[in-house]
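> Following this message is one structure expressed as structure tokens.
The values are calculated or read from the model by the stated rules, or taken from the named source; none is laboratory data. The shown structure was predicted, so the numbers you read here are calculated from the model rather than taken from an experiment. Ideal geometry is used to build each Cβ from the backbone, glycine not excepted, and the neighbour counts take in all protein chains shown. Heavy atoms of the whole protein, side chains included, go into the accessibility calculation; ligands, DNA and RNA do not. Shrake-Rupley method; radii C 1.70, N 1.55, O 1.52, S 1.80 Å.
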Amino acid sequence: AFDVKQASQSRYPNLNGNSNFSYNFGRNIDPTTNDFVPTNLGFNSINLNTSIPLYSGGRLRARLEQTQLAEREWSERIKQSIQDVELDITLSFLNILFESERKRNAAHQLVLSENQLDRVMKLIEVETVPESEKYEWIAQIQADKQLIRASENAIENSIFQLKNLLNLDASESFIIEQPKDLSITDISLSSFEFDQVFDRVIANRPEILAFQLNEQAAEKEITIAKSYYMPNFGLGASLSTNFSSLAKTFSDFTTQRVTNEGIYINGESILFEEELNVPGNSARTPYFDQLNQNLGFGIGVQLNIPIYNRGVSKANVSRAENALKIAKNTNQQSIKNLELQIQQILADLRNAHAQYEAGKTRVEYLQNAFENIQQRYNLGMSNNYDLLDAQSRFNQARNDLTIAKYGLIFRSKIIDFYSGKEMKL
């Protein structure tokens, strides 16, 4: 805003004032009379001047437009930064939900292990299975508790990261509200076709507009550089006055005849008389009276025609043209990088979707397998190793499904972010 205001005011007249005071010793020239005076002298001058640019080859207008473009670009960069923070906050919150769900999976696994230990203890009492089998389940329970503690630590770290993004104190109380139903049934791959997504990205991402504004500002720099080939025309005015410590005001004039020499007739010097008004009294002229008496005003025009400046203008134009090429290449490369990012995110999204669908089926089958082996174990038709293995594979499938689920949500939210949609769950 300050740059725009400055560029706008550069078209207006300027006004400058200066004043100086000096005191000279010995023989001096009185600036008010230009006479030599054999005495000390105090002198003060005051000046005001102004200049008005009338024509500068379009440079002032181009500079104003360039600063306006730069201000808009900066505004878009700020929007981008805000959106980046919003994305980081959303992903950090999702990470807390992800770790919370993993904790619930671990808690569920602990319940299964504790229940199975109870069954084993009952079977040991009736001497259906050897006592050594209980130690494997005790060890499994401890492993499940370690998973819970690891998940709690991960949740705590994720909350700390979220507090940091929100500029909250680490010791401040912070409670995460869990969504009642974090459903992904509305994620349809048909709405994530590359052309549609990329068109939305181009239309909504602030950095795309920032790149375009930067390119336009570079074009204005060429106009500014070329303006130095054109004449400059301006109008100027000045106002000045001065004061001298030797200036006097005379009064009480009388007419007197004064005899003078300097006329020659036939080679002989002749005296003549002339009547002069001779002052009877004199006094130093007051300061402000002198300023008023010595007041002067001037006005003029200035025309500057560039003829040859040792190639400076040509070099500036070349630099501005190169800067425009760099801006265009940077813009194109940035869009290309963004295109590759979108393609990668969409590929990851499809992969996560496939893993999620396969994970749901895998969890269903492994749950059935675990329940079947559990029944066989209770009937003495399966051993402890088979039951532990079935439970482990079932729990691993649940964790894999959670990872796939949140991987799918993560990527869909990133696509929403790039498409300019509101970040919400």
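> Please return the longest range in the chain lying between exposed loop sites, taking GluC sites (Glu not before Pro), DSSP loop only, at most 14 other beta-carbon atoms within 10 Å, and leaving the sites out.
On the way: sites that count: 127, 131, 172, 177, 193, 422.
Value returned for the longest uninterrupted segment is 194-421.
> A follow-up question, please. Computing the accessible area with a 1.4 Å probe over protein heavy atoms, can you report the carbon and sulfur percentage for the range 176-326? Don't jump to the answer; show the numbers that get you there.
On the way: 5460 of 10430 Å².
With neighbouring chains kept in place, the figure for the range 176-326 is 52 percent.
> Placing +1 at every Lys and Arg Cβ and -1 at every Asp and Glu Cβ, with all other atoms neutral, what dipole size does the chain have around its Cα centre, in debye to the nearest 20? Present the calculation step by step, with values, prior to reporting the outcome.
Numbers: 43 positive and 52 negative charges, 184 e Å.
Computed charge dipole of the chain: roughly 880 debye.
> Right, another one. Roughly speaking, what is the stretch gain from residue 310 to residue 15, that is 0.36 nm per residue apart minus the C-alpha to C-alpha distance, in nm to one decimal?
Details: separation 295, 0.36 × 295 = 106.20 nm, distance 3.21 nm.
Once the chain is fully extended between residue 310 and residue 15, it gains 103.0 nm.
> Moving on to the next point. I'd like the FRET efficiency for residue 178 and residue 365, computed as 1/(1 + (r/R0)^6) with the beta carbon distance as r and R0 of 25 Å, rounded to 0.05. All intermediate terms of the calculation are to be shown ahead of the outcome.
Values: r = 28 Å, r/R0 = 1.14.
So, using R0 = 25 Å, E works out to roughly 0.30.
> Tell me the per residue accessible area of the chain using a 1.4 Å probe; a whole number in Å² is fine.
Values: 26650 Å² over 425 residues.
Accessible surface, normalised per residue, equals 63 Å².
> Counting only the heavy atoms of the protein chains, how much of residue 159 is accessible to a 1.4 Å probe, in Å² to the nearest 10?
Looks like 40 Å² after rounding.
> Please give the contour-minus-distance gain from residue 114 to residue 203: 0.36 nm per residue of separation, less the Cα-Cα distance, rounded to one decimal in nm.
26.5 nm
> Then there is this: Accessible area of residue 303, 1.4 Å probe, to the nearest 10 Å²?
Estimated to the nearest 10 Å², residue 303 gives 110 Å².
> A further question follows. Mind pulling the angle between the C-alpha long axis of helix 133-165 and the longest principal axis of the chain? Nearest 10 degrees, somewhere in 0 to 90.
Approximately 20 degrees, to the nearest ten.
> With all protein chains present, calculate the accessible area of residue 350 using a 1.4 Å probe and round the result to the nearest 10 Å².
Accessible area, nearest 10 Å²: 100 Å².
> Helix 206-227 sits at what angle to the longest principal axis of the chain, using alpha carbons and giving 0 to 90 degrees rounded to 10?
It works out to around 20 degrees.
> Using only alpha carbon pairs under 8 Å that are at least six residues apart, calculate the relative contact order of the chain and give it in whole percent. All intermediate terms of the calculation are to be shown ahead of the outcome.
Details: 530 pairs, mean separation 91.4, N = 425.
Relative contact order for the chain comes out at 22 percent.
> Any lysines with Cα under 27 Å of the residue 336 Cα? List them, leaving off those in the same chain fewer than 8 positions away.
79, 220, 325, 328, 413, 421
> What part of the accessible area of the range 1-151, given as a whole %, is carbon or sulfur when the probe is 1.4 angstrom?
Carbon-and-sulfur percentage of accessible area, whole number: 54.
> Also, quick follow-up: What angle do you read, to the nearest 10 degrees and between 0 and 90, between the alpha-carbon axis of helix 312-378 and the longest principal axis of the chain?
Here the helix axis deviates by roughly 20 degrees.
> What's the magnitude of the charge dipole for the range 274-379 around its Cα centre, counting Lys and Arg as +1 and Asp and Glu as -1 at the beta-carbon? Answer in Debye, nearest 20.
Values: 11 positive and 9 negative charges, 160 e Å.
Roughly 760 debye for the range 274-379.
> What size of dipole, in debye to the nearest 20, comes out for the range 342-401 about its Cα centre when the only charges are +1 on Lys and Arg C-beta atoms and -1 on Asp and Glu C-beta atoms? Write out the running numbers ahead of the final one.
Numbers: 6 positive and 7 negative charges, 9 e Å.
Magnitude of the dipole: close to 40 debye.
> Find how many whole Å separate the alpha carbon centroid of the range 300-319 from the alpha carbon centroid of the range 192-212.
Using only Cα atoms to place each centre, the spacing works out to 42 Å.
> I would also like to ask the following. Across 20 Å bins from 0, what is the distribution of all Cα-Cα pair distances for the chain, in whole percents?
15, 25, 20, 16, 12, 8, 3, 1, 0
> Something else: Taking a spot 7 Å from the Cα of residue 25 along the direction of its beta carbon, which residues of the range 225-246 have an amide N less than 11 Å from it?
none
> Continuing with this model, one more query. Cross-link partners among lysines for residue 103, C-alpha distance below 21 Å, same-chain residues fewer than 8 apart left out?
Within reach: 145, 163, 180, 360, 405.
> Something else: Under 15 Å from a label point 7 Å along Cα→Cβ of residue 289: give me every residue in the range 249-270 with its amide N that close.
Only 249-253 pass the distance filter.
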